[in-house]
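**Student:** What follows is a structure written as structure tokens; I'll ask about it next.
The values are calculated or read from the model by the stated rules, or taken from the named source; none is laboratory data. Bear in mind the structure is a predicted one, so any value in this text is a computation, not a measurement. Here the Cβ positions follow ideal geometry from the backbone for every residue, glycine too, while neighbour counts run over all protein chains shown. The area values use the complete protein model at the heavy-atom level, side chains included, leaving out ligands, DNA and RNA. Shrake-Rupley method; radii C 1.70, N 1.55, O 1.52, S 1.80 Å.
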Amino acid sequence: MKAYIVTILLLVISNVFMTIAWYGHLRLQSAGIAKDWPLYLVILTSWGVALFEYCFMIPANKIGFHENGGPYSLFQLKVIQEVISLTVFTLLAIFFFSGEKLHWNHVAAFICLVGAVCFTFLPDK
């Protein structure tokens, strides 16, 4: 598979784990599972999940970076990662957090972020 596709797929998987590590405890809390967990246990659990994020994020950046033969500059990788991160977060928030709704201003913000990705691919000169 091409490096640009592998990079994007790894970033998507990585961001699923990242979103679960950062926000999953809130879902567990609202479901009554982690309601009484002490903060240190929440942190340790999140770190455990975040380990898997790194197992996908590091290879994505290594494969995708142009100095390693990949198609993306450092800035392009970062902007792509941020858009993927917000997209994954939005999907998980909509489907797993019943009280969260997507509004027009959220969509407008995402359109601006996609524009930011486009800007990173414009010629430097």
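**Student:** What number of residues within region 34-69 are of a type in the set (A, V, I, L, M, F, W, C), farther than 30 Å from residue 4 by Cβ and at pLDDT 90 or above?
**Tutor:** At the first step, the residues of region 34-69 found to be of a type in the set (A, V, I, L, M, F, W, C) are 34, 37, 39, 41-44, 47, 49-52, 55-58, 60, 63, 65.
Still in the list and also farther than 30 Å from residue 4 by Cβ: 34, 37, 39, 41-44, 47.
Imposing the further condition that a residue be at pLDDT 90 or above reduces the set to 37, 39, 41-44, 47.
Residues meeting the conditions: 7.
**Student:** So how many residues does region 30-82 have that are of a type in the set (A, V, I, L, M) and open to solvent by less than 30 Å² (accessible area, probe 1.4 Å)?
**Tutor:** Here is the first cut: in region 30-82, the residues of a type in the set (A, V, I, L, M) are 31, 33-34, 39, 41-44, 49-51, 57-58, 60, 63, 74, 77, 79-80.
If we keep only those that are open to solvent by less than 30 Å² (accessible area, probe 1.4 Å) as well, we get 34, 42, 50, 57, 60, 77, 80.
Qualifying residue count, region 30-82: 7.
**Student:** I'd like to check something: does region 102-114 contain any residue that is at pLDDT below 85, open to solvent by 70 Å² or more (accessible area, probe 1.4 Å) and polar (S, T, N, Q)?
**Tutor:** Within region 102-114, none of the residues are at pLDDT below 85, open to solvent by 70 Å² or more (accessible area, probe 1.4 Å) and polar (S, T, N, Q).
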